[in-house]
Amino acid sequence: MTVIDLESYEDALATYDPVMGLEVHVELGTKTKMFCGCSTELKQDANSQTCPVCLGLPGALPVVNEIGVESAIKIGLALNCQIAEWCRFARKNYFYPDMPKNFQTSQYDEPIAFDGYLDVQLEDGEIFRVEIERAHMEEDTGKSTHVGGATGRIHGASHSLLDYNRAGIPLIEIVTKPIEGAGARAPEVAKAYVAELRELIKALGVSEARMEMGQMRCDVNLSLRPNGTEKFGTRSETKNVNSLRSVERAARFEIQRHAAVLNSGGTIVQETRHFHEEDGSTTAGRIKDNAEDYRYFPEPDLVPVAPSREWVEELRKGLPELPRLRRKRLKEEWGVNEHDMQSILNAGAVDLIVATTDAGAPSDQARKWWMGELARNANETGRSLDELPITPAQVARVAALVAAGDLNDKLARQVIEGVLAGEGDPDTVVEKRGLKVVSDEGALSTAVDEAIAGNAAIADKIRGGKVAAAGALVGAVMKATRGQADAARVRELILEKLGVEG
Ligand SMILES: [Zn+2]
């Protein structure tokens, strides 16, 4: 691998001002493809979900997927965009084997949504506004697998396999305006933007937006200009970056690489670049000059899309609470600080805690169990919280049993352990394992009497004023009741019976 010169990040920023443009592709979660009735279900046999339309056979006629248009409008509205009253699809002509029509059906100068913005929150709480240029509808290509080479790339491969199941799956491409003024925080802004966009898409229910599955991917355009100047520098375009961390790393790497090239008197080549997860580097892809000619023209086989204003307003009214505002509201309702809220977010616990409080648990209890015992278990077993075999309603039930005094924390942990082990509902586990706080005063009193009789020497010490020794007797009672007594009450009883003041 060729070694790429990098400037130190601090030195790069001392001289240059980064300008970014982010293009995010989101695969919609529609049941059928954008222009035909083929299923979009994953992991089927290669080429089993195809038809003359998505195979681009001559004479096949496409029809627009209404849910695809609806999803695009929802995304546009959530991004504060204007929604076109009338727009068309366009053919983007180029040849590649994974695109059997030899053109991609996309939108060009008439996107369905345009001129919006998304406010994103940075780690220190600052809000940064990212302006949105456009969001347009298009279709995905098929998938090529290059076989026989060492790298999986086409170079060195003996042959290629083509699977058109993905061809025609609806995509929305969301393009920002140039992001200026972020300075050294540009990589952080890029990451925060993609994170916020992902939350938004999920909240809208139009896609699961799972980056690791390619349902959402980001192209990072980046250029540098000398500090204090206006004119944009030449940009590079790092393609298909598919995790939040990688988006940040790709931007950072390109800032350092551009600065090194410029500082050594070189010029930046306008090109696409590949991002490498292993070391966070990028390498050159293909040269991409502005003159690249896709010979766009309006798609003659599809009618224009003209969403009525009534429909758009109806969709606007149906929009869910936006993620940033929801987080802000929950943070206030739960009375947590920014740091704790961030931990809850990072743990993927927000929705679980909400569902647990909806099931009747106080929010501090819901937080305590999900961020404590359950987070620990998830961590130890390499699962995410939502993969644990326990429901928010079950966690709420455990919290209710604690609140009623039927369980103490120690017993509650055992109940949760039982639920996770598949022993059944909290009540079933309590029943089966015989876990219940002994609140029957008569039974407790007997247990205390027995502990005093069995530990006469300690009891004498306590009578003589060594109150601290009571711990040993409390321990004996807890042991005798298998941890099912209220320790504070046991202590009270011991001191009472021995005639000492607590
Ligand atoms: Zn099809």
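The values are calculated or read from the model by the stated rules, or taken from the named source; none is laboratory data. In this text, all values refer to a predicted model and were calculated from it rather than measured experimentally. Ideal geometry is used to build each Cβ from the backbone, glycine not excepted, and the neighbour counts take in all protein chains shown. With ligands, DNA and RNA removed, areas are computed over all heavy atoms of the protein, side chains included. Shrake-Rupley method; radii C 1.70, N 1.55, O 1.52, S 1.80 Å.
For this structure, a couple of remarks:
- Candidates 220, 194, 175, 189, filtered to the one that is of a type in the set (Val, Ile, Thr), open to solvent by 10 Å² or more (accessible area, probe 1.4 Å) and in contact with a Leu (Cβ under 9 Å, 6 or more places away or on another chain): 175
- For segment 492-502, residues that are under 53 Å from the mean Cα position of the chain (by Cα) and surrounded by fewer than 19 Cβ atoms within 10 Å (Cβ to Cβ) total 2.
- The listed residue being under 26 Å from residue 344 (Cβ atoms), surrounded by 15 or more Cβ atoms within 10 Å (Cβ to Cβ) and among the hydrophobic types (A, V, I, L, M, F, W, C), out of 476, 399, 485, 469: 399
- Residue satisfying condition, being at negative phi, away from the ligand (no atom under 16 Å from the Cβ), more than 23 Å from the chain's Cα centre (by Cα) and buried (at least 19 other Cβ atoms within 10 Å of the Cβ), within set 22, 13, 79, 118: 13
- Scan segment 40-76 for residues that are of a type outside the set (Asp, Glu), away from the ligand (no atom under 16 Å from the Cβ) and touching a residue at least 24 places away in the same chain (Cβ under 8 Å) and the total you get is 7.
- Summed over segment 256-267, residues that are more than 17 Å from residue 245 (Cβ to Cβ) and assigned to a helix (DSSP H, G or I) total 7.
- Pairs, first loosely packed, with under 14 Cβ neighbours inside 10 Å in segment 226-239, second of a type in the set (Asp, Glu) and modelled with pLDDT under 95, C-beta under 8 Å, six or more apart: none
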